[in-house]
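What follows is a single structure, written as structure tokens, with notes after it.
What follows draws every value from the coordinates through simple rules; no lab data is involved. None of the values given here were measured: they were computed from a predicted structure. Neighbour counts run over all protein chains shown; Cβ positions are idealised from the backbone, glycine included.
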Amino acid sequence: MITQVYFWIFSIVALATALGVLVSRHPIHAALCLIGTMVSLAGIYSLVAAPFLATLQILVYAGAVVMLLVFVIMVLNSAKDDHTPRWDAFGWAALAPSAATGFFLLRVLLGADAAHSFALRSTDPPAARGTVEALSALLFGDRIGAWSFLFLVVGLLLLSAVVGAVLLAKHHLDSPSAPSTPRPGGH
Amino acid sequence: MGDLQPIQLQVLAALLFAIGLATVMARRNLFFVLMGVELMLNAANLSFLSWSRTMPGSVGLEGQLAPIFAIAVAAAEACVGLAMLLSVFRSRESLDTDAFDRMKE
Amino acid sequence: MTPQLWLLPALPFFGFLVNGALALFGSRTENGPSRGLSGFLGVLFPLVSFILVVLAWQGLFLVQDSVLRLNHDLGLGLRIPQVKPFGQVLWPWMQTGELNVEFGFRFDELAGIMLLFVTGIGTLIHLYSVGYMARDRGFARFMAYMNLFLANMVVLVLGNGPLVTFMGWEGVGLCSYLLIGFWHHDAANGAAAKKAFLVNRAGDLGFLLGLFLLWQVLGTGTPLTYEAITNWFRDPAHAVLLASAPVAALVTASTLLLLLGATGKSAQIPLLTWLPDAMAGPTPVSALIHAATMVTSGVFLLARLSDVFAHAPATLQVVAWIGAATAAWAAVTGFVQTDIKKILAYSTISQLGFMFLAAGVGAFDAGVFHVFTHAFFKGVLFLGAGSVIHALSGEQDVRRMGGLWKKLPLTFAAMSCGWYAIVGLPFGAGFWSKDLILENVLLRGGPALYLVALATAVVTAVYMTRLMILVFWSKPRFSPDAASHIHESPLSMQIPMWVLGFGSLVAGFAWADPFHLDWFSRHMSESVGPAQALLGAGAGGPSPILLESVGVVASLLGILVAFALHRKGCFRENSTGPLSMPARAWTLLFDGVQSVAGIWPVRIVSWILDNILQPLLVGLARVFGWCLEMAGGAVRMAQTPRLRWNLGLSVLGLVALLILLARNIP
């Protein structure tokens, strides 16, 4: 019972903040709304016996990714960008396909045999499932399997992403002219 | 119905996905595009979790590993995306997606 | 020994190729290709062909293994053994299940007679052309075309079935076009050539349609050869079938259409307007094609298919009346003409009318006999006219000639022989053949047709005598500078004229009943006899001597009338302008009919197509193109460089996919 109440609270907050992202005027406001969404989702994760994931969500997603986003917004002092309108005709037109996507997804989900396929089957007690021990056993268990390999690959991915990002950004910081103005003739 | 049904999570994920899609398409500022993408990724993670609740045993647990990796990839993607945003801003002096029309027709 | 009939058309055809090559390769030089070589070859091949024809007659005799009965009694009881038909199949031409046609030749009585004078007179006229066209730049081309014409004419005559004949039929039409428009730098000649070709074409349509209907009558079991056709029609077992109404109607329709084809080639009503215009070609062309050979193809067709026509009496009535009407109309028209060649052209049409009249009353052999004699006297008249034109440096108006009997004695002598024959004075070639026709018309056709024919004979005498008076006997009226150049023709032109002039006088004796010379009639009996027997010989009428006397009286009457008119000055010799109004209206009568019946409908249809259908189709094409453009423009919008649009389209694709997935969910 209490789970349901928490779920409804978290889901309404998540939806509201997501809409906030959609309609915000300033990117900073949108970033804050995004954090709100992510934290709500973390709450939902904890409700479904995925505590580790919930923690990861807050630490990494809300705490690192969105922070990075905020830093970049603040670096670009013209981020408010008066020239770009907040909403235009294409915006209204874009609502239609999005609504259609949502509608058809819901239609599929709420269709006839949905109840059958979505039945809750897990027999383990919920609280015992998504713990660090369980997940680590799965990831790094006695067999050298797909997951551990994947783990290593993800590490490489993160490394290359960081290197690439530094290269992309540094390229411009090295130029003798002022970093915020492009050289005439482009570069 | 005390327990959380997977269908509820799925519906929430679908709605979040739709809102994220709308954000990507409707907003002209590049930051909002990136934020919309993050929203969509979150919705996908939620969907994974709801599926994991329908599966017994360790299969269900694997449903929780996918979001871990998704978060890692999302982080990498955000990093590179922001770096590109910076460099694009440097060359265009604008964050308007409509200004970037140098793609081949 | 197998008869090599293919040589007969192949030799002139080879001459065409050689002369054509000479013409092509010699066209770069200043004076053109060598006249001597071209002329020699151009005469050689037809000559060899003629020799082969003669040998074919004789060779058969050897094959036949009969005793040669040469009776050296000059003129009396001369008996030449009958030619037995033989054929040569060259290759299977069309072999479908129902229609089996082989390409081959058949040398039988009718073909033999026709070939004798086609190749013989053909060779003579080729020789004449060597002299006549000697100064012409396109000499080799002329000889090439003439050879090609002769080859096609041989195929026409020698063909073993209607389709082979049709090949030659078309070929002579083509060569007629090429030769009439020979001096093509003058557009009027080209127009005359086109007219000839198109009017012929209208006739060809009739030929083909008639042939198709005939094939319907015969059924699919009969091969389309003349032998098979005549055997089928002569078979008494088919008599009942032929008497039944539907088959008889089919036969009548078929023969009427075939008649249309014959009128096209032989310049009878309604397709006669091309022949006077065809005089635009050089005179040897007029002599060969439009006097002796091509125009007789129509009569040849009627004789060939005599058995078919014998079973369609209604058509034969039509044939007779067409022949009579054409003969009468053409005779009057010839009387008012002022161009020497036009007079002779209308004379040809008139004489062809006589031949058609003969065939129409069922006297096919008399018709073919007239073809035979007509080739001689009309040939010499045309050659003589050419000689006169040549002597007067191109003058063709008879009002500017006269008194030439002193200046051109040899030409005058030859033309007098032709004149003697055509007006029907006693014992000339025309006397025998025309009186034979008149006799048959009276006995088989009735008094009405006879009177028309007799009147036409009188008018024939009048205008031919008028021609002779104006050209030869009256006072000289030619211009002085023409006078200084008058000279007799060279030998190459003289020899054919002598031969043909002599023929005009004696050729008639091939069938002279009072002297019991009926070689021609016996010769033709095998091929046209049964048809004539079917139609019934007329009951005994007045005696032949009486009829012949009537004929001579008619000729003399015509001659006297001509002299009387000349004495009175009715021939308007000293005028120089074009024809008077009534004369012109009469002459162009049938051109007017053709214009209304044929040309105006074509003009109307083409106007409709041009102004209604054409813009419609163009508009449709434009609309179609516009639609494609719009569609392309719409599709091009997908290739947008703008980011959000691109993304939007991808999302639309996603939505479409989702719709598909959600389709099965109620």
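Here are some notes:
- Label-to-label distance, C:ARG567 versus C:ALA314, with points set 7 angstrom from Cα along the beta-carbon direction: 5.3 nm.
- Cα→Cβ-extended label distance, 7 Å offset, between A:LEU159 and A:LEU95, nm: 4.9
- The helix-based estimate of mean residue ellipticity at 222 nm for chain C, built from -39,500 (n - 2.57) per DSSP H run of four or more residues and divided by its residue count, is -22500 deg cm²/dmol to the nearest 500.
- For the protein assembly as shown, the dipole from Cβ point charges (+1 on Lys and Arg, -1 on Asp and Glu) about the Cα centre works out to 1900 debye, to the nearest 20.
- Unit charges at the beta carbon, dipole of the protein assembly as shown: most positive-side option, C:PHE509, B:ALA76, A:VAL65: C:PHE509
- Extended-chain gain in nm, criterion 0.36 nm per residue less alpha-carbon gap, C:GLU488 and C:ALA455: 8.2 nm
- Stretch gain in nm, segment C:LEU90-C:ALA621, where the contour uses 0.36 nm per residue and the Cα spacing is subtracted: 186.1 nm
- Violating pairs (Cα-Cα greater than 30 angstrom) within the set C:LYS195/C:LYS568; C:LYS195/C:LYS407; C:LYS341/C:LYS434; C:LYS194/C:LYS378; C:LYS195/C:LYS475: C:LYS195/C:LYS568; C:LYS195/C:LYS407; C:LYS195/C:LYS475
- Based on the Stokes-Einstein relation at 4 °C and a viscosity of 1.567 mPa s, and on the Kirkwood radius from alpha carbon pairs, chain C is assigned a translational diffusion coefficient of 48 µm²/s.
- Sequence-separation-based contact order of chain C, relative, with Cα cut under 8 Å and 6+ spacing, percent: 12
- Computed E for C:PHE515/C:VAL605 - FRET, C-beta separation, R0 45 angstrom, nearest 0.05: 0.15
- Estimated FRET transfer efficiency when R0 is 60 angstrom, pair C:THR222-C:TRP473 (beta carbons, to 0.05): 0.55
- In terms of other Cβ atoms within 10 Å, C:PHE412, C:PHE103 run from fewest to most in the order C:PHE103, C:PHE412.
- Within segment C:463-494, backbone nitrogen closer than 18 Å to the virtual label 7 Å beyond the Cα of C:LYS406 toward Cβ: C:469-488
- Contour minus Cα-Cα distance for C:LEU241 and C:LEU652 (0.36 nm per residue): 140.0 nm
- Between the alpha-carbon centres of segment C:207-242 and segment C:290-313 there is a gap of 17 Å.
- Each label point was placed 7 Å from the Cα along the Cα-to-Cβ direction; for C:LEU174 and C:ALA638 their separation is 5.5 nm.
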